[in-house]
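Right, one structure below, let's go through it.
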């Protein structure tokens, strides 16, 4: 495997000074797809997207075309909601897409709305992303003024509106049903699926498609070049190009658009034009392949291709495309505690196991780090984890409505399985060390990772 | 339900290996419970939308894709579903949730109100581990913080189940408490500076599954295991909410709502929930008082009763029976009311009886109009509101109507003089000038044509009204106008929309029972007019007055003129409670001999010659009747203070001292006599009142019974000659020369809300294992009203009343009723000519509206310390444009004059009050409205003037406002 020379799809304007303006966008082929689509039927657009085999880029990787097909026929109004509440630690690709090429997203929204026959779309942007909000708003105003959004778009007779909405600072709103709750003006708390599958009962209990920013940013290219061209990139199972946000202990952290399935983690982390290798000549200890909630990967996983199926099979996920690299200096217990703290802080408070459990887990980890750990804590960590995510398996089961609670279990399971001696060292060096229990395998009940 | 094998309407699910039939759409947790498997839960509540928040009810559910943990409170049953409530995975998950809930829950059960009846405590005791694995510091918050004057919040105990917050938002429509913060720091709290001032806040305490929400009146009062309880019916207003009355050491300490389907669904308003404080108030009368040398002094019952008997007999002998009058009775149980009705008619010999104090509707309208149930109103499709602010006067009816609007698409059309608590929920809300609701109704029924002013609004409302029958909620919107106009409006609606039924919105506790028992002039027990029932009751009772008597206004007017020599105030306080205080003062003062039977030394009682202490709610049994006419039981829980007695006993004792034997010695004997003699109550035997069927309350024969023979009903209303005299009293709205009764009355009732109701009846009956009963109901009754179990019962009783053998008094027990005499027919409403309209108003005057608020200066509220403070002094509410016209700003002190008096008060701007109208809440602290009202006039006009000095204050403050920006 190697870094491929596949064409960039959605980052082509990142380096242009005026890529975010309507003039710059139109000069580089912008809104051509829209005009072309308006001359054909919504079904044609839907067919191209289906043919592209475009997997959702938000985390779950569900094929966009298939999702669009779930909308019940003839139920109106129906809505398109754009999930721009990018909050997964280490993930910052959607922000760049909104900051540097907002018209591309708007065109994607228009095309998707046209395809699913939605008359109104909502772009929900994370509250903290001030620059993205401003640029998106500016771009949308330009598009409205140019007749590209609103009434009688580009003289086609087709009309639709796009509404911008800023979040108020909650990770959980990245979960689609919580995002819908928030968009309706309530606390961002997830709804149970079923019955609240957005495609059936979504925004205002009407059929709703929720798509990630990156997913929709791909649509103009797909419409312009055809679904087959997109499907021709990458592999049959993982088609197209994808953004990966690389961070952690690498020389060149950043967002990279690479071909799926043909590029490996090693390419991403080590290739000079990409990550450039571990910083300061260090060695890899572990890396998170797809956002903080993903089980950790190690040296032996480096040559896995960036493909959903392969990573799933290996016991983790590509998730939101956030690859976090940890070198040999990393304290696994601290890293684990840091991630659990994030989830405890972001728990919405709805489901008891997540609300109480994630904080408890963090408290136990803090105690271990502070030298107050007990031998029984290792078993306790796992049993509390088990009460949030029964079996501590992958993909996770859950006693909660949404996967946030189980997300806090992933790093604990990963760190305990791989770096248990580090936990034990904290306990042994602490104030409650006592005699190390003999013959107790706290991991016995945990499914092998 | 054996026949249902043909078409399978249920779904089969397997719960722990057992096959169970469930209703499609039913939630798993409910289906399992019906089948005898209780799944533990905290957040689930059957009267609210499920949220799946606490996760306690998660069980392994297999719908064909393998077992997965699912919250059973959110999963509807599906055919073939397999559920394991006892599998290892289920148990582990549930135990885990319990542990999570406990880690931060303080172990202060010994000092927690909930300890001993706490679901969390019970679950933990039953399933929880004996020891905690949690060694960290628990969450800490300041111990209870007040959410309002009535409810405290202990956030440490809260398990965040979302019950209280859902209730306040979903059920009460008062979204005043909410989750604050996130994750582990989530707490329930109010919005800053905005207390949980909801009329329904106490319900959140009742449904809280832990001791997080605490009611100030109950806090630290008792431990659950010390409590003793009876099931009873609230009489704080006329809705008739079922509730448990709980006592400790012979003092009532708590009321809890009981979920009965036709009425209150488990909810109570805070007034009904907390008014028990008045029972043990220090001001309770505990002994009789008699007036000696201008002073009330303590006396023995014997002495006091002798004084009363002599005083009344003397008055009767010297001035005739028509010089005696009995006012009040809405506080009494049905049995009390019946005995007093019998005493007044047969012993005192007077028909001057009135349970309403000029604040209600004519008995002929309440009893004679075809009646609706609450369920029928909620299922009606369209409800016309003609009356008071339901949220203020009948709060739980407000909850039911709100639920029907929000969740079932009920359409409300409101005709009111000002905005009300329901206005926001209406499809159309039309304003009328005081006294002109009949004109507005005519315009509405005419499709908005010929309307003064904004005819478009009326036309739109008319379109919403449609052509079919509706349910009309009927009451008095304002005490500053006579009821003529609203009665005329009701008559017009009934004529134009045959089949329309009416739900009374009279608010006094048992006013409907009192009217049923004949505590109204011209009306005898069993919803019979004096004329129709004279012979029948003369047989049963010995004698009945010849002429129709006076109502409250008439009585007080007569007393003021020196024509009332003996006045009994039966729990009535005209000085505080009659709309026209001047008339009340002259009346009570002018009556020769006044007896007050009351629980407190009210202003009127202070003027009495004899005061007798009465037992009140909670201290006596019997039955009560709600605004639907539904009869349910009252039960005694505590003993009355001192020597306070039950009203019927006082009546029996008094009769005996006046030489008469009423022949009644127990509540059951009284009820048996009512059942025998009162035509509307035939068939409602003591035995039936003891069955489980009676727990929901029993409906007597519908007033709007169908005339199967189609015989034109004859006039049954009283038609005494002196129409003009009656009109002068402002109460007799059914003068003799009216058109004949609507023939439509007899035909239109066949199309009530039907199918759904009977299905409900079947399922309810099934739930009680009483299918046979339903079959019985169906048999031999014309399928007329067809609205559910309640109607089914009504029909039975109706059929019985109409000529079945038990409908005739057996004569046994009481001497008299002649063999074979048919029982008199019940009252039918006859439409009178519409009043000619209110007097013209001059351009300087404004027309007064005076409605009530839940918390007022009334006895119950003022003697309940927790509630008393909630009755705030009310300003005059004026449309901002009218204020502006007078050069006033909101908050200015003004002078308000009516024909009665001139008062100085504060005026506030209120857009909910239309121009030309001013609103002043009745019976608020300060008690101003009654001073202005002339009850003998159709409307009350007032003039509003600036106060010289205060207009300066006003202009100064407005200058301040403008300079302050």
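The values are calculated or read from the model by the stated rules, or taken from the named source; none is laboratory data. Keep in mind the model is a prediction, meaning the values are calculated, not measured. No Cβ is skipped: glycine too gets one built from the backbone with ideal geometry, and neighbour counts run over all protein chains shown.
Yes/no matrix, rows are residues, columns are (1) surrounded by 20 or more Cβ atoms within 10 Å (Cβ to Cβ); (2) in a strand (DSSP E or B); (3) outside the structural domain of residue B:636 (by TED's automatic domain parsing):
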{"residue": "B:198", "(1), (2), (3)": "yes, no, yes"}
{"residue": "B:225", "(1), (2), (3)": "no, no, yes"}
{"residue": "B:231", "(1), (2), (3)": "no, yes, yes"}
{"residue": "B:238", "(1), (2), (3)": "yes, no, yes"}
{"residue": "B:247", "(1), (2), (3)": "yes, yes, yes"}
{"residue": "B:252", "(1), (2), (3)": "yes, yes, yes"}
{"residue": "B:255", "(1), (2), (3)": "yes, yes, yes"}
{"residue": "B:261", "(1), (2), (3)": "no, no, yes"}
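Test residue B:189 against the criterion of being without any contact (Cβ under 8 Å) to a residue 12 or more places away in the chain and within 14 Å of chain A (Cβ to nearest Cβ), and give yes or no.
No: the conditions fail for residue B:189.
For the stretch A:32-69, how many residues are assigned to a loop (DSSP other than H, G, I, E, B) and either surrounded by 21 or more Cβ atoms within 10 Å (Cβ to Cβ) or touching a strand residue (DSSP E or B) at 6+ places or on another chain (Cβ under 8 Å) (or both)?
Of the residues in that region, 8 qualify.
Can you find a residue in the stretch B:529-539 that is in contact with a helix residue (DSSP H, G or I) (Cβ under 6 Å, 6 or more places away or on another chain) and either modelled with pLDDT of 95 or more or crowded, with 23+ Cβ neighbours inside 10 Å (or both)?
No, every residue in the stretch B:529-539 fails to be in contact with a helix residue (DSSP H, G or I) (Cβ under 6 Å, 6 or more places away or on another chain) and either modelled with pLDDT of 95 or more or crowded, with 23+ Cβ neighbours inside 10 Å (or both).
When you go through (1) at pLDDT 95 or above; (2) under 19 Å from residue A:222 (Cβ atoms) one by one for residue A:81, which number turns out not to apply?
Among (1) at pLDDT 95 or above; (2) under 19 Å from residue A:222 (Cβ atoms), residue A:81 violates only (2).
Before we move on, is residue A:111 surrounded by 22 or more Cβ atoms within 10 Å (Cβ to Cβ), modelled with pLDDT of 95 or more and out of contact with any strand residue (DSSP E or B) (no Cβ under 8 Å at 6 or more places or on another chain)?
Criteria met by residue A:111.
Per-residue answers, yes or no, for (1) within 14 Å of chain B (Cβ to nearest Cβ); (2) in a loop (DSSP other than H, G, I, E, B); (3) closer than 24 Å to residue A:276 by Cβ; (4) in contact (Cβ under 8 Å) with a residue 12 or more places away in the chain:
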{"site": "A:320", "(1), (2), (3), (4)": "no, yes, yes, yes"}
{"site": "A:326", "(1), (2), (3), (4)": "no, no, yes, yes"}
{"site": "A:336", "(1), (2), (3), (4)": "no, no, no, yes"}
{"site": "A:340", "(1), (2), (3), (4)": "yes, no, no, yes"}
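Please state which of the following conditions residue A:274 fails to meet, knowing it meets all the rest: (1) surrounded by fewer than 22 Cβ atoms within 10 Å (Cβ to Cβ); (2) in contact with a strand residue (DSSP E or B) (Cβ under 7 Å, 6 or more places away or on another chain); (3) at positive phi.
Single failed check for residue A:274: (3).
Having 2 or more residues that are within 15 Å of residue B:475 (Cα to Cα), modelled with pLDDT of 95 or more and over 17 Å from the mean Cα position of the chain (by Cα) is the bar; report the strands (runs of 3 or more DSSP E) wholly within the stretch B:370-440 that clear it.
Because the criterion is at least 2 residues that are within 15 Å of residue B:475 (Cα to Cα), modelled with pLDDT of 95 or more and over 17 Å from the mean Cα position of the chain (by Cα), the strands (runs of 3 or more DSSP E) in the stretch B:370-440 that meet it are B:382-386, B:411-416.
Please tell me if residue B:138 is surrounded by fewer than 22 Cβ atoms within 10 Å (Cβ to Cβ), within 12 Å of chain A (Cβ to nearest Cβ) and out of contact with any strand residue (DSSP E or B) (no Cβ under 6 Å at 6 or more places or on another chain).
The answer is yes for residue B:138.
Given B:47, B:41, which one is in a loop (DSSP other than H, G, I, E, B) and surrounded by fewer than 18 Cβ atoms within 10 Å (Cβ to Cβ)?
Result: B:47 is the single residue among B:47, B:41 that is in a loop (DSSP other than H, G, I, E, B) and surrounded by fewer than 18 Cβ atoms within 10 Å (Cβ to Cβ).
Quick grid of which residues meet (1) facing chain B (nearest Cβ under 10 Å); (2) more than 24 Å from residue A:320 (Cα to Cα); (3) not in a helix (DSSP H, G or I):
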{"position": "A:377", "(1), (2), (3)": "yes, yes, no"}
{"position": "A:383", "(1), (2), (3)": "yes, yes, no"}
{"position": "A:387", "(1), (2), (3)": "yes, yes, no"}
{"position": "A:395", "(1), (2), (3)": "no, no, yes"}
{"position": "A:399", "(1), (2), (3)": "yes, no, yes"}
{"position": "A:408", "(1), (2), (3)": "no, no, no"}
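From B:494, B:503, B:515, which residue is at pLDDT 95 or above, closer than 19 Å to residue B:628 by Cβ, part of a strand (DSSP E or B) and under 27 Å from the mean Cα position of the chain (by Cα)?
Answer to the check: B:503.
Exactly one of these conditions fails for residue B:476: (1) over 26 Å from residue B:332 (Cβ atoms); (2) in a loop (DSSP other than H, G, I, E, B). Give me its number.
Every condition holds for residue B:476 apart from (1).
Answer with yes or no whether residue A:292 is assigned to a strand (DSSP E or B) and in contact (Cβ under 8 Å) with a residue 12 or more places away in the chain.
no
Output the residues belonging to the stretch B:522-543 that are on the phi > 0 side of the Ramachandran plot and in contact with a strand residue (DSSP E or B) (Cβ under 7 Å, 6 or more places away or on another chain).
Within the stretch B:522-543, B:522 is the sole residue that qualifies.
From A:361, A:365, A:378, A:404, grab the single residue that is in contact (Cβ under 8 Å) with a residue 24 or more places away in the chain and either surrounded by fewer than 23 Cβ atoms within 10 Å (Cβ to Cβ) or touching a strand residue (DSSP E or B) at 6+ places or on another chain (Cβ under 7 Å) (or both).
It is A:378.
Could you list, in sequence order, all residues of the stretch B:168-186 that are within 13 Å of another protein chain (Cβ to nearest Cβ) and in a loop (DSSP other than H, G, I, E, B)?
B:175, B:181, B:182, B:186, listed by residue number.
Residue-wise test of (1) under 23 Å from residue A:194 (Cα atoms); (2) more than 14 Å from chain A (Cβ to nearest Cβ).
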{"position": "B:42", "(1), (2)": "yes, no"}
{"position": "B:49", "(1), (2)": "yes, no"}
{"position": "B:60", "(1), (2)": "yes, no"}
{"position": "B:71", "(1), (2)": "yes, no"}
{"position": "B:82", "(1), (2)": "yes, yes"}
{"position": "B:94", "(1), (2)": "yes, no"}
{"position": "B:116", "(1), (2)": "no, yes"}
{"position": "B:122", "(1), (2)": "no, yes"}
{"position": "B:133", "(1), (2)": "no, no"}
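Of all residues in the stretch B:350-369, count the ones that are within 23 Å of residue B:854 (Cβ to Cβ) and not in a loop (DSSP other than H, G, I, E, B).
1
Taking residue B:77, is it within 12 Å of chain A (Cβ to nearest Cβ), buried (at least 20 other Cβ atoms within 10 Å of the Cβ), touching a residue at least 40 places away in the same chain (Cβ under 8 Å) and under 30 Å from residue B:403 (Cα atoms)?
Answer is no for this residue.
Go over the candidates B:913, B:925, B:939 one by one and state the one that is in a loop (DSSP other than H, G, I, E, B) and at pLDDT 95 or above.
B:913
What is the number of the single condition among (1) surrounded by 18 or more Cβ atoms within 10 Å (Cβ to Cβ); (2) modelled with pLDDT under 90; (3) outside any loop (DSSP other than H, G, I, E, B) that residue B:961 does not meet?
(1)
Yes/no per residue for (1) closer than 27 Å to residue B:324 by Cα; (2) surrounded by 24 or more Cβ atoms within 10 Å (Cβ to Cβ); (3) in contact with a strand residue (DSSP E or B) (Cβ under 7 Å, 6 or more places away or on another chain):
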{"site": "B:596", "(1), (2), (3)": "yes, yes, yes"}
{"site": "B:600", "(1), (2), (3)": "yes, no, yes"}
{"site": "B:604", "(1), (2), (3)": "yes, yes, yes"}
{"site": "B:608", "(1), (2), (3)": "yes, yes, yes"}
{"site": "B:611", "(1), (2), (3)": "yes, yes, yes"}
{"site": "B:619", "(1), (2), (3)": "no, no, no"}
{"site": "B:643", "(1), (2), (3)": "yes, no, yes"}
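Yes or no: residue A:416 more than 13 Å from chain B (Cβ to nearest Cβ), over 24 Å from the mean Cα position of the chain (by Cα), in a helix (DSSP H, G or I) and modelled with pLDDT of 95 or more?
So residue A:416 passes the test.
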